[in-house]
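Novice: Structure in structure tokens, see below.
The values are calculated or read from the model by the stated rules, or taken from the named source; none is laboratory data. Bear in mind that the values here come from a model prediction, so they are computed numbers and not experimental data. Ideal geometry is used to build each Cβ from the backbone, glycine not excepted, and the neighbour counts take in all protein chains shown.
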Amino acid sequence: MTIQQIDDVVLYETKDGIATITMHRPEFHNAQNSRMTYALDQAFKQAAYDDEVKVIVLRGSGKHFSAGHDIGTPGRDVGISFERESLWYDHVGKPGGEFLYAREQEVYLGMCRRWRELPKPTIAMVHGACIAGGLMLAWVCDLIVASDDAYFADPVVRMGIPGVEYFAHPFEMHSRIAKEFLFLGERMGAQRGYEVGMVNRVVPRERLEDETYAIAGRIGKMPRLGLALTKQAVNHTEDLRGKRTAMDAVFAWHHFAHAHNELVSGDKLGGYDAKAMANSQRDKKVVEK
């Protein structure tokens, strides 16, 4: 087993038919800049193309799974061009709302949809915080195994924005719970995440790794094609229920909110930076029941 570093922000390793993809910006709680997002895409493709890999585990290094999109670290790279993975043109230099609309079609909505459709089972191993953009990374995975100290939140409504770009909330939990989750922006503990159907297993922190890899190992004994077809069947059923078309609509409303914020305040994020958003979460209780 060897650990490969992808652009210094993602670690990739394989063992016993399991690929492990680790977000590796622990000093910033794995906040996702474009550099990390493109590195994750490379890692997912590498695992997809490797015939020895049967199952993929996504995890974060350090104290948290992911604090979400990078909206304020020194490595924030929203204005930098990267080699495109979709047919959407480069966002850099585009005026007004076109700048974020083109960027987020590529790095958020487009990549998350591609990762969801990867024809191998994926497991998110979540500990600590899974916030906003972190939800998107967990939700594209087929299973979520969480430690008992994990918590989930999407606080972006306080920016005037109707949830993160990959809007899966009403499919991850009942619509009434999704509204509560978004309206309040409070932290949902792992146990409640399990109760509402978003999380598959909740285990003590010290057992998280063992339990996740035990599940991955059992899945890996199944036939590769059977797993791929089963995943396609369930994803297709979700899409027939409207997941993809609903997400397209909410993505448009998300960007209307960005444009509105810029018109009103001159700031696409409604005046929130990383520090202000973090402070808004610190005093919020974790909702368990």
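Novice: Would you confirm, using the coordinates I've provided, whether Pro119 is part of a loop (DSSP other than H, G, I, E, B), closer than 30 Å to Ala216 by Cβ and out of contact with any Gly (no Cβ under 6 Å at 6 or more places or on another chain)?
Specialist: For Pro119, the condition - part of a loop (DSSP other than H, G, I, E, B), closer than 30 Å to Ala216 by Cβ and out of contact with any Gly (no Cβ under 6 Å at 6 or more places or on another chain) - is met.
Novice: Kindly list the number of the only condition in (1) within 21 Å of Asp149 (Cα to Cα); (2) more than 15 Å from the chain's Cα centre (by Cα); (3) touching a residue at least 40 places away in the same chain (Cβ under 8 Å) that fails for Pro26.
Specialist: Of the numbered conditions (1) within 21 Å of Asp149 (Cα to Cα); (2) more than 15 Å from the chain's Cα centre (by Cα); (3) touching a residue at least 40 places away in the same chain (Cβ under 8 Å), the odd one out for Pro26 is (3).
Novice: All but one of (1) out of contact with any helix residue (DSSP H, G or I) (no Cβ under 8 Å at 6 or more places or on another chain); (2) under 30 Å from Glu52 (Cβ atoms); (3) crowded, with 18+ Cβ neighbours inside 10 Å hold for Ile177; state the number of the condition that does not hold.
Specialist: That leaves (2) as the condition not met.
Novice: Here's something else I'd like to know. Please work out which residue is farthest from the chain's Cα centre (by Cα), limiting yourself to segment 150-172 and to residues that are part of a helix (DSSP H, G or I) and hydrophobic (A, V, I, L, M, F, W, C).
Specialist: Per the stated criteria, the residue is Met159.
Novice: Continuing with this model, one more query. Modelled with pLDDT of 95 or more, surrounded by 19 or more Cβ atoms within 10 Å (Cβ to Cβ) and on the phi < 0 side of the Ramachandran plot, is that true of Val234?
Specialist: Judged against the criteria, Val234 is not a match.
Novice: Pick from segment 9-29 the residues that are assigned to a strand (DSSP E or B) and touching a Leu at 6+ places or on another chain (Cβ under 8 Å): which of them is surrounded by the most Cβ atoms within 10 Å (Cβ to Cβ)?
Specialist: Met23
Novice: Could you list, in sequence order, the residues of segment 102-155 that are within 20 Å of Val199 (Cβ to Cβ) and among the polar types (S, T, N, Q)?
Specialist: Within segment 102-155, Thr122, Ser147 meet the criteria.
Novice: Right, another one. Kindly provide the set of residues from segment 45-95 that are in contact (Cβ under 8 Å) with a residue 12 or more places away in the chain, surrounded by fewer than 14 Cβ atoms within 10 Å (Cβ to Cβ) and closer than 21 Å to Ala276 by Cβ, ordered by number.
Specialist: Across segment 45-95, the qualifying residues are Lys63, Gly79.
Novice: Any chance segment 46-61 includes a residue that's at pLDDT 95 or above, among the aromatic types (Phe, Trp, Tyr) and either closer than 17 Å to Leu137 by Cβ or not in a helix (DSSP H, G or I) (or both)?
Specialist: Taking every residue of segment 46-61 in turn, none turns out to be at pLDDT 95 or above, among the aromatic types (Phe, Trp, Tyr) and either closer than 17 Å to Leu137 by Cβ or not in a helix (DSSP H, G or I) (or both).
Novice: Among (1) touching a residue at least 60 places away in the same chain (Cβ under 8 Å); (2) under 18 Å from Arg113 (Cβ atoms); (3) crowded, with 20+ Cβ neighbours inside 10 Å, there is one condition Phe171 misses while meeting the rest; what is its number?
Specialist: (3)
Novice: Residues of segment 89-102 being farther than 19 Å from Met36 by Cβ and in a loop (DSSP other than H, G, I, E, B), which ones?
Specialist: Tyr89, Gly93, Lys94, Pro95, Gly96, Gly97
Novice: OK, next. For the structure I just gave you, tell me whether Gly160 is closer than 24 Å to Asp70 by Cα, touching a residue at least 40 places away in the same chain (Cβ under 8 Å) and surrounded by fewer than 19 Cβ atoms within 10 Å (Cβ to Cβ).
Specialist: Here the answer is yes, as Gly160 does meet what is asked.
Novice: Mind checking which residues of segment 190-208 are closer than 17 Å to Ser66 by Cβ, surrounded by 17 or more Cβ atoms within 10 Å (Cβ to Cβ) and either charged (D, E, K, R) or within 18 Å of the chain's Cα centre (by Cα) (or both)?
Specialist: Once the filter is applied, which keeps residues that are closer than 17 Å to Ser66 by Cβ, surrounded by 17 or more Cβ atoms within 10 Å (Cβ to Cβ) and either charged (D, E, K, R) or within 18 Å of the chain's Cα centre (by Cα) (or both), segment 190-208 yields Ala190, Gly193, Met198, Val199.
Novice: Quick one: count up the residues across segment 74-94 that are of a type in the set (Val, Ile, Thr) and more than 18 Å from the chain's Cα centre (by Cα).
Specialist: Within segment 74-94, residues that are of a type in the set (Val, Ile, Thr) and more than 18 Å from the chain's Cα centre (by Cα) number 2.
Novice: In the set Ala146, Ala124, Ala138, which member is touching a residue at least 40 places away in the same chain (Cβ under 8 Å), within 11 Å of the chain's Cα centre (by Cα) and part of a strand (DSSP E or B)?
Specialist: Ala124
Novice: Let me ask something else about it. Going by the structure shown, is Asn261 buried (at least 18 other Cβ atoms within 10 Å of the Cβ) and at pLDDT below 95?
Specialist: yes
Novice: Which is of a type in the set (A, V, I, L, M, F, W, C), modelled with pLDDT of 95 or more and buried (at least 16 other Cβ atoms within 10 Å of the Cβ), of Ala278, Ala249, Ala274, Ala216?
Specialist: Result of the check over Ala278, Ala249, Ala274, Ala216: Ala216.
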